[in-house]
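Bear in mind these aren't lab numbers, they're just calculated from the coordinates by the rules spelled out. Note that the structure is a prediction, hence the values are computed from the model and not measured. Cβ placement follows ideal geometry from the backbone for every residue including glycine, while neighbour counts extend to all protein chains displayed.
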Ligand code: NAP
């Protein structure tokens, strides 16, 4: 059994999650690349990291499915010995007038973005509590802080993640576990593929730092919150948004 730290990154097949996985691998972690539907890109990422000598395992699990999540955590502990860091990054977006959000869309967003975090936290916590150490970093959103017109379900799910983070931080702090949030602003990933260049420009022009954020900027902050340098930080939400939420 290896003596390195292990991180599970949910939704690591692309975008922010893939970059977090790469960053932790480069820092010497065993990395579990969780994915749901994008098997090809997850397996390509696994291959490319493994061929550079990094310790990685891709694992398919829908974060909304408790059994699949539990199995992923069991396999991680079997292969790597423990779960030291959990990054709850998997998420989906949705837009629409509030009066037109269907019950299906509401349930789907809350299931992935909020219940997914619940499932993954519940699955890793027995191991972390036994080890009396652990770091959980949840990816919320600027919209979870400010609210968002025409994205009420998304904003509500991400505000829920902030509430869950604070509550869990209080509950598991005595067990040596910290729980924090990162709230990204507009980051250049497929999630924003629906925005035109004009939309992006209008948004970023209004920011103190007038550009989109990068996935690496999010990965570095997540890594910091997972590190010993952040041992006294818990229950916090770190906005990485070019000043959007000032
Ligand atoms: P993305 O490129 O669309 O990637 C989303 C990831 O989530 C994919 O790897 C996807 O995996 C995974 N995922 C979705 N549903 C899942 C499920 N049921 N089970 C497991 N994995 C699932 O999005 P992104 O921009 O990187 O976003 C990552 C996180 O940052 C999300 O939580 C998002 O809300 C948050 N965020 C993003 C921005 C932004 O501007 N991009 C801003 C604020 C917050 P599969 O494709 O394999 O299903």
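Computed from Cα atoms, the angle from the helix 15-26 axis to the main principal axis of the chain rounds to 30 degrees. Using C-alpha pairs below 8 Å separated by at least 6 residues, the relative contact order for the range 2-81 is 28 percent.
Can you give me the relative contact order of the range 95-246 as a percent, contacts being Cα pairs under 8 Å and 6 or more apart? Mind dumping the intermediate values first?
Values: 222 pairs, mean separation 41.0, N = 152.
Relative contact order of the range 95-246: 27 percent.
Mean projection of the Cα convex hull over all viewing directions, computed for the chain: 13.0 nm².
With 17 Å as the cut-off, how large is the P(r) tail for the range 57-101, expressed as percent of Cα-Cα pairs? Mind dumping the intermediate values first?
Details: 454 of 990 pairs.
In whole percent, the share of Cα-Cα pairs in the range 57-101 beyond 17 Å is 46.
All Cα-Cα separations within the range 179-246 were binned at 5 Å from zero, giving a P(r) of 3, 17, 24, 21, 16, 10, 6, 3, 0, each value a whole percent of the pairs.
Residue 77 to residue 149: extension gain in nm, 0.36 nm per residue of separation minus the Cα-Cα distance? Display every interim value, and only then the final one.
Details: separation 72, 0.36 × 72 = 25.92 nm, distance 4.15 nm.
Answer, rounded to one decimal: 21.8 nm.
With N set to the residue count of the range 147-201, report its C-alpha Rg divided by 2.2 N^0.38 Å to two decimal places.
Details: Rg = 15.4 Å, N = 55, 2.2 N^0.38 = 10.1 Å.
Dividing the Cα radius of gyration by 2.2 N^0.38 Å gives 1.53.
Per-peptide packing, taken as the mean over residues of other Cβ atoms within 10 Å, places 51-60, 198-207 in the sequence 51-60, 198-207 from highest down. May I ask for the angle, rounded to the nearest 10°, between helix 116-131 and the longest principal axis of the chain, with both axes built from Cα atoms and the value confined to 0 to 90°? Computed tilt is about 30 degrees. Diffusion coefficient (Stokes-Einstein, Kirkwood radius over C-alpha pairs, 37 °C, 0.692 mPa s) for the range 92-157: 248 µm²/s, rounded to a whole number. Gyration tensor analysis over the Cα atoms of the range 73-192 returns equivalent ellipsoid semi-axes of 29, 14, 13 Å (largest first, whole Å). Per-residue ellipticity at 222 nm for the chain, helices alone: DSSP H runs ≥ 4 residues times -39500 (n - 2.57), over residue total, nearest 500 deg cm²/dmol? Computed mean residue ellipticity for the chain: -14000 deg cm²/dmol. The packing ranking of peptides 220-227, 143-150, highest mean first, is 220-227, 143-150, where packing means the average number of other beta carbon atoms within 10 angstrom of each residue.
Stokes-Einstein diffusion coefficient for the range 1-133 at 37 °C in a medium of 0.692 mPa s, Rh from the Kirkwood formula over Cα pairs: what value in µm²/s? Write down the numbers at each step before the final one.
On the way: Rh = 15.2 Å.
D = 217 µm²/s.
Principal-axis analysis of the Cα atoms of the chain puts helix 152-172 at an angle of about 40° to the longest axis.
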